[in-house]
Protein chains: 2
Amino acid sequence: MVVKLTYFAMPGLGEPIRLMLAVTKTEFEDIRVGKEEWQKLKPTLKLPYLPMVEMDGKTLFQSMAVCRHIARKAGLYGSSEDEALEIDVTVDTLEDMRKHTVSHYYQPDSEERDQGMKKSVDVTIPFFLKLFDKQLEENKGYLVAGKLSWADILFLSHCDYLSSLFHVDILADFPKLKEYQQKIADLPGIKEWLEKRPPTPEDCRIFFS
Amino acid sequence: MVVKLTYFAMPGLGEPIRLMLAVTKTEFEDIRVGKEEWQKLKPTLKLPYLPMVEMDGKTLFQSMAVCRHIARKAGLYGSSEDEALEIDVTVDTLEDMRKHTVSHYYQPDSEERDQGMKKSVDVTIPFFLKLFDKQLEENKGYLVAGKLSWADILFLSHCDYLSSLFHVDILADFPKLKEYQQKIADLPGIKEWLEKRPPTPEDCRIFFS
């Protein structure tokens, strides 16, 4: 049975799973819902959020849990408990970078929103990127243990998503991270997905407003 | 070397780690900081948040990543990839219950805060508890696979924390969850920790206001 992924027509928390499926060459049906479809679908679900993934005979919620599952099966979760720990810390820190910034983005238009978005781009995102830049240096071109893990896929997904939301290349001042992002984007499976995926809407708030 | 855990003098995101150390009978130094100590400590850290854990020769941040690490080493992360997946989904859902409610609690006094807290207690928390109640029924007295996992420890931690914050027993209307919470609280290691730990402050906002 082909994997089915249901999410909004944007990157968000669906894209990490899409990229994990792409890098593991797993065929999937990319079901994208708009605001009205979502309002109808929401009350029928066990948990009132997306993404929802139908795979391995199960209906799964929770984006990060699904990524962990795919990573474990594909050998992208490190080769030891220590590597798994480093991956988990990195993933949680990438999630922090996302949460502390999109919380401003998904506000209604206001001066407060503008200020929060400016702080995200000028302060919060560079703070986290400096950490990842150092980590890349210490781990021979990947985020953990000098080899590909699902932390690298999440880095690509979140940096790409935040650049889309804030209409700015968040990696512009980080040439090594930029080169590394391109290396991950060029991986077999990922490259084809990035070429064929639909564009991100100009304003991603349309699904929730 | 004894494990050192540095966190605020309250449950929050420190308590899941304290309980994981307690249930695995790991001796630890429970370093509790107040607001002023935190302001001095914050700029010296790699990541500007707590808890910080010194263990296995490393200085670790990210509460959930540290719990996963302890769980893996102690055999509390399931016996198969499928069980690990169920644990991950449960953990993320417990985290959702916490995040969607404490976000209201940690606001300054206002009518909006009162309304958010009321909605947390009357609607949001019961919504999640109904899911866990069903899950308990389906998994023979535990949250996953009929046996103890770190999801059960996180359930105890988060329910206890939310009851403290909102000054109400959030499990009062869920007798089976209440009985189950007591079973986890009575586990060797946990029981001793709960008896000796310092009390939770009346208002946990004191560390951040």
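The values are calculated or read from the model by the stated rules, or taken from the named source; none is laboratory data. This is a predicted model, so every value here is computed, not measured. As a convention, Cβ positions derive from the backbone with ideal geometry for all residues, glycine included, and neighbour counts pool all protein chains shown.
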inquiry  = Quick check on A:His100: is it within 13 Å of chain B (Cβ to nearest Cβ) and either under 15 Å from A:Tyr161 (Cα atoms) or exposed (fewer than 12 other Cβ atoms within 10 Å of the Cβ) (or both)?
reply    = yes
remark   = Pairs returned, first residue in the range B:178-196 that is within 16 Å of B:Pro16 (Cα to Cα), second residue that is surrounded by 14 or more Cβ atoms within 10 Å (Cβ to Cβ) and among the small types (Gly, Ala, Ser), beta-carbon separation under 8 angstrom, 6 or more apart or interchain, are B:Gly189/B:Ala22; B:Ile190/B:Ala22; B:Lys191/B:Ala185; B:Glu192/B:Ala22; B:Trp193/B:Ala22; B:Leu194/B:Ala185
ask   = When residues of the range B:103-136 are filtered for being more than 14 Å from chain A (Cβ to nearest Cβ) and either in contact with a Leu (Cβ under 6 Å, 6 or more places away or on another chain) or small (Gly, Ala, Ser) (or both), how many remain?
value = 4
inquiry  = Tell me which helices (runs of 4 or more DSSP H) are completely within the range B:132-209 and hold 3 or more residues being at pLDDT 95 or above and crowded, with 18+ Cβ neighbours inside 10 Å, or say none if there are none.
reply    = B:150-166, B:175-185
